[in-house]
1. Say we join alpha carbon atoms closer than 10 Å with springs in a Gaussian network model of chain A; which of A:Ser124, A:Ser99, A:Ser48 then has the biggest fluctuation?
2. Please average, across the residues of A:109-118, the number of beta carbons from any other chain that are within 10 Å of each residue's own beta carbon, and give a whole number.
3. Per-residue Cβ counts within 10 Å, from other chains only, averaged over A:79-89: what number is that?
4. Among all the aspartates and glutamates, which ones have a C-alpha under 17 Å from A:Lys192's C-alpha, if same-chain residues fewer than 8 places away are not counted?
5. How many percent of Cα pairs in the protein assembly as shown exceed 39 Å?
6. What is the calculated FRET efficiency for B:Ala42 to A:Leu123, with r their C-beta to C-beta distance and R₀ = 35 Å, to the nearest 0.05?
7. What does the average come to when, for each residue of peptide A:99-105, you count the partner chain Cβ atoms lying within 10 Å of its Cβ?
8. Would you mind telling me the share, in percent, of accessible area of the range B:173-327 contributed by carbon and sulfur at probe 1.4 angstrom?
Amino acid sequence: MVAGDEDILAVEGLSLSFGGAVAFAEIDLSVAAGEIHAIIGPNGAGKSSLINAITGLYAPQAGRLRIGDARFARVPARRLAELGVARTFQNLALFKSLSVVENVLSGLANVQRAGLTAQLLGLSAARREATEHRARAESVIDFLQLGMFRGRAAGSLPYGLQKRVELARALVANPRLLLLDEPMAGMSAAEKAEMSGFVLAAREMLGTAIVLIEHDIGVVMRLSDRITVLDHGRRIATGTPHEIQANPAVIAAYLGAEDDPENEAKAA
Amino acid sequence: MATALPVTSAQPRRAGAAGILLLLAIAYGLVPLVGTSYLFEAILTPFLALALAGLGLNLLTGYAGLLSLGSAAFMAVGAYAAFNLSLRLPGLPLPATILLAGLIAASAGVIAGLPALRLRGFYLAVSTLAVQFFVAWALNRIGWLSNDSPSGIIDAPRLVIAGLSFDDARGRYLFSLTIVALLTVLAWRLVRSPTGRNLVAIRDHETAARIVGVKVARTKLLAFALSSFIVGIAGVLWAFAYLRTVEPAGFNLDRSFQILFIVIIGGLGTLRGAFLGAGFMVVLPLLLSRLGTALLGDGFDTGTLEMVQRIVLGTLIVAVLIREPAGLAALLDRAFRRLSPRS
Ligand SMILES: Nc1ncnc2c1ncn2[C@@H]1O[C@H](COP(=O)(O)OP(=O)(O)O)[C@@H](O)[C@H]1O
Ligand SMILES: [Mg+2]
């Protein structure tokens, strides 16, 4: 594994187990600036756990990570936004009672500078910042076509829209690295196409590197620059969509997963 | 739970602003003219103090999702701090005394909030309960705090600001009203600020809040500080303007539960909930005693009243929790929406 200097994320020999159960082991992964890097694999392969370890929610037992210039054995989750990393969750993690706009605004929590007194007294520094942040939030809301829902409580929206609000909250901070854990799960083909368009456009506009966990192989092939395949917590292959399609280990792993519910993966 | 908490939108807010101005006009203009001493002393002043305590607790429990059973302890810290400040620094103007008492209560809140960095839900509630018992113990044991009064009951100082006395019933009402109005504006600014948004973010999804860069530990302690500041000043009003004595019994565990019930019945996570809940809590016993006397005549004594009151209150809380977790505030909103032509 070559970890080039331009890589925004480098994971080396990362391992995590829960008690005796291995979530993933000895994972190497590198993501270049602006790259869309998909992580695929059957359910329970360790994809979400890997992202949770990269974002500091799980503490890996071995291995190292580099995000930009910062090296960690364990990433402190509270520093994530400051490191330019944003993420969405496999199971929605919105602020349900806040409106769509407020959810997106909260994605700027890390760059909030005006102190409490300035906010309470409505000093000009706080007002200026509020105006600027609102403009940023509104432009992301427009970009993701959430305008007509901006005042609605996020928890009251249908599932597909909630996924989109979560993407908006992650994008508003202009992250250098964005981790998306199954952003299209449970969506119709049309919704997936729409979401794919947003993911590509986000990369074009912001140059964000994106780690994408997705089960729909069609989507993965279309969006990804590179793909890493996990199986039972091990990395069995990394390569371009073309290379992955032809990889015997990948084919074996997928054909072996007879009773896996994500059989759509085989269709590709 | 997704529907349990209120949805913010612009239209009711504008109607709300007009409503608040109207309420203030009545509270300052009409009520002082027509009110009786009984209305001021037995209804409005305790209502204001309890509403303020509810407002403070609501910031912590309703907005930030941190359950506290120690409200009365923070009220006590405020009241005793104000008493000692006015006793030991006689030159200090009353507004400064109250502000400092609030700040002392806020510091106590920060200390009491430290466990919240590790505990949540039930365990946090138990740790605030410990604060309640500790404060009660300290007030009984440390005579210095009550100026070594043998009974532990001390007269509250007079309410005088810049030579103006607020000692009569109407004055104490206006004094309380002004403090409550000012602190309500403060709380209103807070819940609409980015900091207020962070409080709700921590309540709704602490992990996501941390990931987007909300300083979770600092924000939780801030919630304790701001909440205790307001609850502490509510304690000053309770002792100085309502009871006119400062004594530990005014701030026992029952009081903590009363404040919590006010917030639950009124509506968690709304500012008006505290006022609705407090109004309910003050008016309920009066209604029950009228009703009881009408139905049972002299058989309805204070003992019976207290028992009936507890049963009715308990039933209502259970009913609210089951039927309308967002409390009276949500009920009222729905009624209002049904009455308004279109929205
Ligand atoms: N918090 C956790 N506690 C215990 N086991 C976990 C936890 N998170 C994940 N696992 C286990 O780790 C393995 C990988 O799970 P996960 O990372 O969710 O897989 P994927 O996202 O690829 O479906 C599974 O066996 C799962 O049960
Ligand atoms: Mg997963």
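The values are calculated or read from the model by the stated rules, or taken from the named source; none is laboratory data. Since the model is a prediction, treat every value here as computed from it, not as a measurement. Counting neighbours? That spans all protein chains shown, and the Cβs are built from the backbone with ideal geometry, glycine included. To get the accessible areas, we keep the full protein, side chains included, count just its heavy atoms, and leave off ligands, DNA and RNA. Shrake-Rupley method; radii C 1.70, N 1.55, O 1.52, S 1.80 Å.
1. The residue that fluctuates most here is A:Ser124.
2. Neighbouring Cβ atoms belonging to other protein chains average 4 per residue here.
3. On the way: counts 2, 4, 5, 1, 0, 0, 1, 3, 3, 2, 4.
Averaged over the peptide's residues, the number is 2.
4. Once the sequence-local aspartates and glutamates are set aside, what remains near A:Lys192 is A:Glu166, A:Asp181, A:Glu182, A:Glu214, A:Asp216, A:Glu262, A:Glu264.
5. On the way: 75280 of 186355 pairs.
Tail of the P(r) past 39 Å holds 40 percent of the pairs.
6. Working: r = 42 Å, r/R0 = 1.20.
Efficiency computed from Cβ-Cβ geometry: 0.25.
7. Details: counts 4, 0, 1, 6, 5, 0, 4.
Average neighbour count from other chains, rounded to a whole number: 3.
8. Accessible surface attributable to carbon and sulfur in the range B:173-327 totals 65 percent.
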